[in-house]
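For reference, the structure is listed below as structure tokens.
The values are calculated or read from the model by the stated rules, or taken from the named source; none is laboratory data. Being a predicted model, the structure only gives us computed values, none of them experimental. Cβ sites come from the backbone with ideal geometry, for glycine too, and all protein chains shown count toward neighbours. For accessibility, only protein heavy atoms count, side chains too; no ligands or nucleic acids. Shrake-Rupley method; radii C 1.70, N 1.55, O 1.52, S 1.80 Å.
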Amino acid sequence: MTETTEINFGEVAPVWLFDGVCVLCNGAVQYTLKHEKEPLIRFVSIQSVEGRQLAVQHGLDPDDPQSFLFVENGKALARSDGVLALARHLDGPARLISWCRFLPKPLRDFAYDRIARNRYRLFGRKSECPIPDAGIRHRFVL
């Protein structure tokens with residue numbers, strides 16, 4: 001996971017590859033939209049053509065994603081490293097997540113994996129990715 005893929009946004013910006021049918025993931029996207037320090041992040045649903053390509057390029061199964069990716073500055077970060085990278089862009093209570101960087105990576109990833117594997121059972125699943133409001137739709141690939 002070392003190179004970014006530009007996804008027709010015309011500029012290199014952080015890209016968040018997320019599971020568009022996951023209720024937890026969509027809630028996290030909505031939280032991010034409200035608490036971003038600057039509106040830079042581009043959101044790509046793994047169910048989109050571009051999202052599937054990006055997932056495969058970085059070793060994720062687009063039909064059974066067990067992690068999201070946060071692609072920034074030429075690096076694709078998964079699991080807890082991706083969460084920490086995303087948290088650096090946020091204000092609000094989520095910025096406290098950055099304290100987790102002091103925990104050993106195997107422990108962080110263990111916790112991440114437990115949530116990721118059980119996210120549909122714990123939080124639910126939608127039949128399709130919700131369409132964002134017109135004012136922010138340009139930041140999404142669905």
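Somewhere in the stretch 86-93, is a residue at positive phi, out of contact with any strand residue (DSSP E or B) (no Cβ under 9 Å at 6 or more places or on another chain) and either of a type outside the set (A, V, I, L, M) or surrounded by 15 or more Cβ atoms within 10 Å (Cβ to Cβ) (or both)? Show your work before the answer.
So in the stretch 86-93, the residues at positive phi come out as 92.
So of that shortlist, the ones also out of contact with any strand residue (DSSP E or B) (no Cβ under 9 Å at 6 or more places or on another chain) come out as 92.
From what is left, the residues that are either of a type outside the set (A, V, I, L, M) or surrounded by 15 or more Cβ atoms within 10 Å (Cβ to Cβ) (or both) are 92.
Checked the stretch 86-93: at least one residue is at positive phi, out of contact with any strand residue (DSSP E or B) (no Cβ under 9 Å at 6 or more places or on another chain) and either of a type outside the set (A, V, I, L, M) or surrounded by 15 or more Cβ atoms within 10 Å (Cβ to Cβ) (or both).
Determine whether V44 is under 15 Å from the mean Cα position of the chain (by Cα) and either at pLDDT below 95 or part of a helix (DSSP H, G or I) (or both).
Details: under 15 Å from the mean Cα position of the chain (by Cα): yes; either at pLDDT below 95 or part of a helix (DSSP H, G or I) (or both): no.
Answer is no for this residue.
Restricting the stretch 23-66 to residues that are in contact with an Asp or Glu (Cβ under 8 Å, 6 or more places away or on another chain) and under 28 Å from F102 (Cβ atoms), the residue that is surrounded by the fewest Cβ atoms within 10 Å (Cβ to Cβ) is K37.
For I7, the conditions (1) among the aliphatic types (A, V, I, L, M); (2) at pLDDT 95 or above; (3) open to solvent by less than 20 Å² (accessible area, probe 1.4 Å) are fulfilled apart from (2).
Do you know which residues across the stretch 109-132 are part of a helix (DSSP H, G or I) and either open to solvent by 30 Å² or more (accessible area, probe 1.4 Å) or of a type in the set (S, T, N, Q) (or both)?
In the first step, residues of the stretch 109-132 are kept if they are part of a helix (DSSP H, G or I); the result is 109-123.
Those that are part of a helix (DSSP H, G or I) and either open to solvent by 30 Å² or more (accessible area, probe 1.4 Å) or of a type in the set (S, T, N, Q) (or both): F110, A111, Y112, R114, I115, R117, N118, Y120, R121, L122, F123.
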